[in-house]
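Q: I am attaching a structure below and will ask some questions about it afterwards.
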Amino acid sequence: MIKRIPKFFRSFYFITTALFVVWMLFFDSNDFVTQYQMSKQLSDLEAVKEDYMEKMEEVEKDRKALMGNADLLEKYAREKYLMKRPNEDVFIIVTKEEK
């Protein structure tokens, strides 16, 4: 029965190469499935990085606008940090949440 298999497929080099390829495809820690998952994760992380870079540019633009305009800076401080002038009173209106 072994005589029916061509001699090329019975050679030591072919068998060794085939075993090596099978090992690299399925059993190695860097197999194709792992490589695919890692490349997908990399592309997802690059997209997230791009989103954060856009947000950083927007924040930097807002920061420059705030630092260049005193009226806008005062408005931001009043709204965000509830700051006031010495002769003013601040009233905070809290809306009631409906269940």
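Q: Would you please name the chymotrypsin sites (Phe, Trp or Tyr not before Pro) within region 11-94 that are DSSP coil residues with at most 11 other C-beta atoms within 10 Å of their C-beta?
A: In loop regions of region 11-94 (DSSP not H, G, I, E or B), the sparsely surrounded chymotrypsin sites (Phe, Trp or Tyr not before Pro) are 91.
Q: Another question, if that's okay. Give the carbon-plus-sulfur fraction of the accessible surface of region 8-61 in %, rounded to a whole number; probe 1.4 Å, heavy atoms of protein chains only.
A: Carbon and sulfur together cover 68 percent of it.
Q: Right, next: Please get the size of the charge dipole for the chain, origin at its Cα centre, with Cβ charges of +1 on Lys and Arg and -1 on Asp and Glu, quoted in debye to the nearest 20.
A: So the magnitude is around 920 debye.
Q: At 20 °C and 1.002 mPa s, what whole-number value in µm²/s does Stokes-Einstein give for the translational diffusion of the chain, with Rh from the Kirkwood sum over Cα pairs?
A: In µm²/s, the coefficient rounds to 101.
Q: Rounded to the nearest 500 deg cm²/dmol, what is the calculated helix-only ellipticity per residue at 222 nm for the chain, with -39500 (n - 2.57) per DSSP H run of length n ≥ 4?
A: -21500 deg cm²/dmol
Q: Given points 7 Å out from each Cα along the Cα-Cβ axis, report the residue 17 to residue 75 separation in nanometres with one decimal.
A: 7.4
Q: Under a 1.4 angstrom probe, counting protein chains only, how are 78, 4 ranked by accessible area, largest first?
A: 4, 78
Q: Taking 7 Å along the Cα-to-C-beta vector as the label spot, tell me the residue 26-residue 5 distance in nanometres, rounded to one decimal.
A: 1.6
Q: Take the Cβ-Cβ distance between residue 93 and residue 50 as r, set R0 to 30 Å, and report the resulting FRET efficiency rounded to the nearest 0.05.
A: With a Förster radius of 30 Å, E is 0.20.
Q: Quick one: if the Förster radius is 41 Å, what FRET efficiency do residue 37 and residue 61 give, using the C-beta to C-beta distance and rounding to 0.05?
A: My answer for the efficiency is 0.65.
Q: On to the next question. For the chain, which span is the longest to avoid every loop-located (per DSSP) member of GluC sites (Glu not before Pro) having at most 16 other Cβ atoms inside 10 Å?
A: The longest such stretch corresponds to 1-87.
Q: With a 1.4 Å probe and every protein chain left in place, work out the accessible area per residue of the chain in Å², rounded to a whole number.
A: 104
Q: Related question: Determine, at each q value in 0.15, 0.25 (inverse angstroms), the log₁₀ of I(q)/I(0) that the Debye formula gives when each Cα of region 26-77 is one equal point scatterer.
A: -0.60, -0.88
Q: Can you pull the accessible area of residue 89 for me, 1.4 Å probe, Å² to the nearest 10?
A: 130
The values are calculated or read from the model by the stated rules, or taken from the named source; none is laboratory data. Every value quoted in this text rests on a predicted model; they were computed, and no experiment measured them. Note that we place each Cβ from the backbone using ideal geometry, even for glycine, and neighbour counts take in every protein chain shown. Just so you know, the surface numbers come from the protein's heavy atoms only, side chains and all, with ligands and any DNA or RNA stripped out. Shrake-Rupley method; radii C 1.70, N 1.55, O 1.52, S 1.80 Å.
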